[in-house]
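The values are calculated or read from the model by the stated rules, or taken from the named source; none is laboratory data. Since we're looking at a predicted model, the values are computed, not measured. Every residue, glycine among them, receives a Cβ derived from its backbone with ideal geometry; neighbour counts consider all protein chains shown. Just the protein is used for accessible areas: all its heavy atoms, side chains included, with ligands, DNA and RNA removed. Shrake-Rupley method; radii C 1.70, N 1.55, O 1.52, S 1.80 Å.
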Amino acid sequence: MSTKWDDKSWQKDFLNMKSHSPSDAKLLMGSVKGLRDAWRLGVLHVEYEKLKKIHEIQQQQ
C-alpha cells in the first residue's frame, strides 16, 4: 500500500463532518507551516478516522 502524502480529500470530508474552531478550519483548508501545524493536523486526522469508522458502523445498522 502506498501513501499519497499530498491527498487532501480527507480534509474536505472532515470539514463537512462537524464544526471546527477557526484555527482548525484554516489548517484543514490551508497548508502546514511548521511542526506545530503538522502535529495538529495529525491529531485531526486521527479524529477523522474515528468519526469515519463511527459513521460507517451506524450506516450498517
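Quick notes on this structure:
- Pair list, Cβ under 7 Å, 6 or more apart: the stretch 10-21 residue of a type in the set (A, V, I, L, M), other residue part of a helix (DSSP H, G or I): Leu15/Ala25; Leu15/Leu28; Met17/Leu51
- Residues located in the stretch 10-46, provided they are among the charged types (D, E, K, R) and loosely packed, with under 14 Cβ neighbours inside 10 Å: Lys12, Asp13, Lys18, Lys26, Lys33, Arg36
- A count restricted to the stretch 47-61 and to residues that are open to solvent by 100 Å² or more (accessible area, probe 1.4 Å) and modelled with pLDDT of 95 or more stands at 2.
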